[in-house]
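Step one of this worksheet: look at the structure below.
Here, each number is a calculation from the coordinates, and none is a lab measurement. Quick caveat: nothing in here was measured; it's all calculated off a predicted structure. Don't worry about glycine lacking a Cβ; one is built from the backbone with ideal geometry, like all the others, and counts go over all protein chains shown.
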Amino acid sequence: MPELPEVETVRRTLTELIVGKTIESATVSLPRIIQRPDDIKRFEMELIGHRILEIGRRGKFLRIVMDGLVLVSHLRMEGRYGLYDKSDPVEKHTHVIFHFSDGTELRYKDVRQFGTMHLFPAGEEFKSNPLAKLGLEPLDSSFTADAFREAISKRSTKIKPALLNQEYVVGLGNIYVDEALFRAGIHPEVPANELSTDQLDLLYAAILTTLREAVEAGGSSIKSFVNGQGEMGMFQHSFQIYGRKDEPCVKCGHAVEKTVVGGRGTHFCPNCQRPKELINKAPIKRTLSNRSNKSKEVRE
């Protein structure tokens, strides 16, 4: 958290709030957030006088595009931006402040202090980490069914870790991988290279649908996510599988289960998302006892 829909929501909000503003100065109170350059005073000095032209995104990274510079920012777990008047009290855990010439300030808060910022000359940001090795962008026109199959179909790893790998497809995290796999009816532990073309196409469509719906809802507010205006996302109210352990599946009524796949908590329906070896077997609905105290399986 945040994943692609949340970062895209922040991007859209910041576009409304700060594009066109000029940085008068910058203040950094937690040096480790600044990954490039390694000199904090240089970071603060280089930003002076630059005008913000555009807010972009690459996967889970924000790109604050200026006239000659690009700031690449990752929110990690709890980073957030907000626009304030310079007279507003500075809240706890505010680590970076961009002071604008119009008297407003863009403030970066991060309780967990895991966020990062990299400053590059414009156009250089894609040649170095953290953006250099990122994979397909799901909301870009280049993300086609053919491109998705090419990126995923030869991977021997389980499909969930494959989707979480940002070198294959960017922006997907735990929430939206669970949601997309459920919509596509694919078990999270099936090896990616064992999925059929039809299954990969279903998964491709499910990823797009899930992400587009989540962006439209402003992302998901699970713990502390809010956009640049302090507003919560609403997609958590539309989860079909994530966070629904022991609740009835919205498709079949079977209890949702939770396991660990690739080190991540994973929600799935054992009936709708069956392992490959069980796909052609009828699911067990319930067990009844006959009069001779022998049990028989009732299938549907």
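Could you give me the ³J(HN,Hα) list for region 120-134, computed from phi with Karplus coefficients 6.51, -1.76, 1.60 and θ = phi - 60°, whole Hz, x at Gly and Pro?
10, x, 3, x, 8, 5, 7, 8, 9, 4, x, 9, 4, 10, 6
Any idea what the dipole of region 4-121 comes to, in debye rounded to 20, about its Cα centre with Lys/Arg Cβ at +1 and Asp/Glu Cβ at -1?
It comes to approximately 440 debye.
Enumerate the amide H contacts of LYS158 below 5 Å, restricted to partners 5 or more residues apart or on another chain; note that Pro and chain-start residues carry no placed amide H.
Under 5 Å from the amide H of LYS158: ALA192.
Of LYS133/LYS160; LYS109/LYS258; LYS109/LYS133; LYS86/LYS109, which pairs sit farther than 22 Å apart, going by alpha carbon to alpha carbon?
Going by Cα-Cα distance, LYS109/LYS258; LYS109/LYS133 fall outside the 22 Å limit.
Output the Kirkwood hydrodynamic radius of region 4-121, Cα pairs only, in Å rounded to one decimal.
Mean inverse Cα-Cα distance, inverted, gives 14.0 Å.
Per-residue HN-Hα couplings for region 75-89, Karplus 6.51 cos²θ - 1.76 cosθ + 1.60 at θ = phi - 60°, whole Hz, x for Gly and Pro?
3J(HN,Hα) across region 75-89, in whole Hz: 7, 6, 7, 9, x, 8, 9, x, 9, 10, 7, 4, 7, 5, x.
Using amide H atoms built in the peptide plane, which far-off residues or other-chain residues are under 5 Å from GLU189 H to H?
For GLU189, no residues qualify.
Taking H as built 1.01 Å from N, whose amide H comes closer than 5 Å to the amide H of ARG57, not counting residues under 5 places away?
ARG63
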